[in-house]
Structures are given as C-alpha cells and as structure tokens.
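Have a look at the structure below, then the notes.
The values are calculated or read from the model by the stated rules, or taken from the named source; none is laboratory data. Everything quoted here is computed from the prediction, not taken from an experiment. Here the Cβ positions follow ideal geometry from the backbone for every residue, glycine too, while neighbour counts run over all protein chains shown.
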Amino acid sequence: MLWMLIVSLADDRDKAFMLNLYQDYYGLVRKTLYNITHDAGHTEDLVNDTFIKLINKIPLLRTLESCKTTAYVVYTSRSVAINFIKHRDVEKKHGYYGMDADLAETAAASDDSVEETIVRQEEINEMGSALLKLPEKQKDLLYFKYFLEMDNAEIAEILGIGTASVREYLTRARRNAKKMLAKEMDNQHEK
C-alpha cells in the first residue's frame, strides 16, 4: 500500500523525496517501532503506517534541516507505536471483559451483592470518563506506568525525557486525575 501511495503522488519531486526518505530512515523507524512495541510481527506494518503519515507532511519535511527531519520521523514513529500499543491493549481488555458480561455471575463469584458490583462498575466508568479528559501526554504517562507497568526509565526513553522529569510529570498527572475524578464524582452526585 505504501508503494502504491508513493507511486500515485502527482509530483515527481515528491516521489523522489519520499523514496529517499524511506531509504534514509527505514532502519531508524523500524528500530524505534520495535523498541517500543517489542512486536516483530507487526513492525513492518507499523513502518508502512509511519511513512504513510509522513507522506502528508512532505511540504513540512522539505523545510526541515536534517536533524529536525530525523527528530520528526522518530516522533512520528513513536506516535504510531504508542497508538498501536493502546489499540492492542484495548482489544485485549474488551476481549477479556466480553466473556464476563453477566453482572450477576460476576457478583456471585466475588461474594459481593449485585448492587455492590453495579456500584463498583459505575465507579470504574466514572474514573475512565475522568481520565479521558486529561491532556494526551498525561494520559500516556499514566497508561505506560499503570497499564503497561513500565518503569520510569522505560517511559523516559519512549518520551525522550529524563527520568526525573517522568517522576515530576507523573505526579502532576496523578494530581490532575484525582481532581478530574473528584469533579466527575461531584457531577454524578448532582444528577
């Protein structure tokens, strides 16, 4: 599909630019994607997804210096990898919860009443709703830390920031999440 898109570009200069970009950055993109996803089976597809995103940015990429082009390509690769991880984990989560749809069975297995199970499920939904309102970077940080159980060094590597910065940003993200959750709970109680 990537090659068809490159060939279909109307401007021959754009075709040549994308072919050169692909040749120059293929290895870096592949390594970046694999280092984040650790999924060799999907890496080639993600490489193609990355370059497809870059096709739309040809005018911008032409204006960048070499080091800025590299940074832009790496950032785009990281974004593609992070979106892949999020999507994969959501699919796993829904596949697991899909088998467990009956609240009565869940309550019976956990020694909780049906009412307690429903209340807990509502609290989980409120928490999810509150977290969705966080800025993207804070959502990513919390996702990496608590869902993917990454340590601060791994998060720092993915985001290209220092480990101390990760701790600081996580503190802010948790604080904002707590505020959002309190706000969401207040809104629910007012209804």
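Among the residues of region 151-184, how many are under 17 Å from the mean Cα position of the chain (by Cα) and over 19 Å from Ser77 (Cα atoms)? Working first, answer last.
Taking region 151-184 first, the residues under 17 Å from the mean Cα position of the chain (by Cα) are 151-152, 154-161, 166, 169-170, 173.
Cutting the leftovers down to over 19 Å from Ser77 (Cα atoms) gives us 151-152, 166, 169-170, 173.
The number of residues fulfilling the criteria is 6.
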Check off (1) in contact with a Phe, Trp or Tyr (Cβ under 8 Å, 6 or more places away or on another chain); (2) closer than 21 Å to Ile161 by Cβ for Tyr75 and give me the number that stays unchecked. (1)
Of the numbered conditions (1) in a helix (DSSP H, G or I); (2) of a type outside the set (Lys, Arg); (3) at pLDDT 70 or above, Leu134 fails exactly one; give the number of that condition. (1)
Residue pairs, Cβ under 7 Å, 6 or more apart or interchain, first in region 26-38 and loosely packed, with under 13 Cβ neighbours inside 10 Å, second in a helix (DSSP H, G or I). List them. none
Would you mind stating whether Ile6 is more than 21 Å from Ile155 (Cβ to Cβ), surrounded by 17 or more Cβ atoms within 10 Å (Cβ to Cβ) and modelled with pLDDT under 90? yes
